1. Quick query: amide H of A:Ser241 versus all other amide H atoms, modeled in the peptide plane; which residues come in under 5 Å with a sequence gap of 5 or more or a different chain?
2. So if each residue of separation counts as 0.36 nm, and I subtract the Cα-Cα distance between A:Arg40 and A:Ala230, what length gain in nm does that give?
3. Taking the Cα atoms of segment A:7-160, what is the range of coordinates along each of the three principal axes, in descending order and whole Å?
4. Whole number please: convex hull volume per residue of the Cα set in segment B:2-133, in Å³?
5. So what is the calculated 222 nm ellipticity per residue for chain A, using -39500 (n - 2.57) for each DSSP H run with n of 4 or more, over all residues, to the nearest 500 deg cm²/dmol?
6. Could you tell me how many degrees, from 0 to 90 and to the nearest 10, lie between the Cα long axis of helix A:267-281 and the main elongation axis, the longest principal axis, of the Cα atoms of chain A?
7. Which far-off residues, 5 or more places away or on another chain, put their amide H under 5 Å from the one on B:Asn114, with H placed in the peptide plane?
8. Taking the Cα-to-Cβ direction at A:Gln117 and at A:Gln15 and moving 7 Å from each Cα, how far apart do the two end points lie in nm?
Amino acid sequence: MTPATGRTLRKILAQYQKELLGDWLQTQLAASTLRPDLMRENELREQSRELLALLQSAAQNGNLEQTDGPEWAGIREFLARLSRSRAQQGFSSAETATFVFSLKQPLFTRLRTEFAQDAQGLADEMWIANNVLDRLGLYTTEMYLKGREEVIQRQQREMMELSTPVVQLWENILALPLIGTLDSERTQVVMESLLQKIVDTGASIAIIDITGVPTVDTLVAQHLLKTVAAARLMGADCIISGIRPQIAQTIVHLGVNLSDVTTKASLADAFSIALKRTQAKLPPQMGTTS
Amino acid sequence: MAVVHRSVLPIRSQEDIVRVRQATRESAVAQGFSLVDQTKIVTAASELARNTLDYGGGGEVEITRLSDPPRRGVRLVFTDKGPGIADVGQALADGFTSGRGLGLGLGGARRLSNEFSIESRVGEGTQVTIARWR
Ligand SMILES: Nc1ncnc2c1ncn2[C@@H]1O[C@H](COP(=O)(O)OP(=O)(O)OP(=O)(O)O)[C@@H](O)[C@H]1O
Ligand SMILES: [Mg+2]
């Protein structure tokens, strides 16, 4: 490759950025692949502007034949982010890659104007521009698939985590060991199934164990408090166990008031308290102590 | 003060909030934070990410690992282009919520951080910056 190669492409990217953006947006807005249902126009405009700016700076400093070089790190990072968010917004992988490929048309048009007299020059530069955009488009597809995989894995994990069963530990004592992220809508389902189980078994104590919950923020706390209140209305007391020291500190800083709720560090502690309480409620001849 | 590492994550869905927490924890671990300090900044991140999504209509967070020898820190900047907050003092007050929350997230995030600032313009958006140091 001679040093001169790609010079016009670089020049166009630098000089005609505004015009290119205008032409490109026009192409995209007119295309049948446009998804106004998934994305607003100003977001598309912003993304297009950013990609062009990143492309310009990468092309200015980097090798046009090696889009995996360090100069291209910025644009690769941007494309990775874009594909992931588009995967989540519901775009297909083809629609996502088309975003990059559709830049070809306005770019080629500019090149044609520049090389009006020089067919060989035009062919050379087009070849380079084509390769760059192909590679970036393929990279986008790759990242898109990776993003999708992550989403699916997460969903599967979440489903598993939150199908945590309510277990009967002892007569009158239920336990709900919670594991994983607690702020999804399924939390509601898990909490409701605990309440249902209280009704079904007539349990008087429910232990909610949050040892496996990594973060207790205000939303999680609110879910817990609501469940405790609802259980109380049905005649069952809740004990929250698995409050580790770091969680206890965080709850205090947040200002969440758990003083009305019995809390214990471990499930075992909670269970022994529960045993004492339920035995105390048994008729005297059935109790083992006192 | 030097930037060691910087990343930007979108906040558009519940899953994104989980990712923000994970990325924040990753940064806190990389900076050598204790378990308590990790938990504090992750919880603050969770609160601010949810506000960004619920009230700001979505946005993004910039996560920066900082080095200011002998200190090491993590800075989070949450930005949205939502409706903004008319009365920041009120929003920060414990128990105030315009939704159905406990109204503790913003004040809680401030208490969980070493540095806290908020900039908001009605009709333009909100930016909340926190940092925690070890
Ligand atoms: N990014 C934002 N944009 C607009 N308004 C906001 C934003 N963040 C917070 N607010 C306003 O500030 C109020 C208080 O926020 P805060 O996080 O303290 O409580 P909450 O979100 O209502 O409840 P909690 O966080 O306890 O679940 C919110 O109810 C909302 O009105
Ligand atoms: Mg909040």
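1. Close amide H contacts, sequence-distant or interchain: A:Ile208, A:Asp209, A:Ile210, A:Lys264.
2. Numbers: separation 190, 0.36 × 190 = 68.40 nm, distance 4.18 nm.
Contour length minus Cα-Cα distance gives 64.2 nm.
3. The Cα atoms of segment A:7-160 stretch 64, 33, 21 Å along the principal axes, largest first.
4. Working: hull volume 12.6 nm³, N = 132.
It is 95 Å³ per residue.
5. Details: 11 runs with 182 residues, N = 290.
Calculated at 222 nm, the ellipticity per residue is -21000 deg cm²/dmol.
6. The angle comes out near 30 degrees.
7. B:Ala131, B:Arg132, B:Trp133
8. Those two pseudo-labels are separated by 1.4 nm.
The values are calculated or read from the model by the stated rules, or taken from the named source; none is laboratory data. Keep in mind it's a predicted model, so treat the numbers as computed, not measured. Note that we place each Cβ from the backbone using ideal geometry, even for glycine, and neighbour counts take in every protein chain shown. When the accessible area is computed, the model is the full protein with side chains, heavy atoms only, and any ligands, DNA or RNA have been set aside. Shrake-Rupley method; radii C 1.70, N 1.55, O 1.52, S 1.80 Å.
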